[in-house]
Amino acid sequence: MGDVDDAEVVKWLDERISAIREVAKRHSEWQDLTQRFEIWSSGRFTAEALLMISERNLQTQKYEIVELYLTN
């Protein structure tokens with residue numbers, strides 16, 4: 001397997017998490033739940049991508065971000 005494209009990680013961090021959080025904030029059963037976002041991949045995350053995820057985790061207390069690897 002190859003590396004996950006850094007641009008995909010940026011899109012996930014900047015666009016997808018925001019979109020999901022907006023939906024959760026408006027949903028009466030989800031708005032008070034602890035939020036945890038997972039990015040799954042069968043490929044590897046580059047050092048830069050891991051750094052971006054780590055830095056975003058340090059920037060917020062509102063949710064947690066985890067990267068997960070699928071192995072065969």
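The values are calculated or read from the model by the stated rules, or taken from the named source; none is laboratory data. These numbers come from a predicted model, not from an experiment. Here the Cβ is made from the backbone with ideal geometry for all residues, glycine too, and neighbour counts use every protein chain on show.
Okay, here's what the table says:
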{"quantity": "Counted residues, the range 13-28 - those being more than 14 Å from I39 (Cα to Cα) and in contact (Cβ under 8 Å) with a residue 40 or more places away in the chain", "calculated": "1"}
{"quantity": "Pairs where the first residue, in the range 44-67, is surrounded by 11 or more Cβ atoms within 10 Å (Cβ to Cβ) and the second is among the small types (G, A, S) and not in a strand (DSSP E or B), C-beta under 8 Å, 6+ apart", "calculated": "R44/G2; E67/A49"}
{"quantity": "Matching residues, the range 1-22, being loosely packed, with under 11 Cβ neighbours inside 10 Å and at pLDDT 90 or above", "calculated": "A7, E15, S18, A19, E22"}
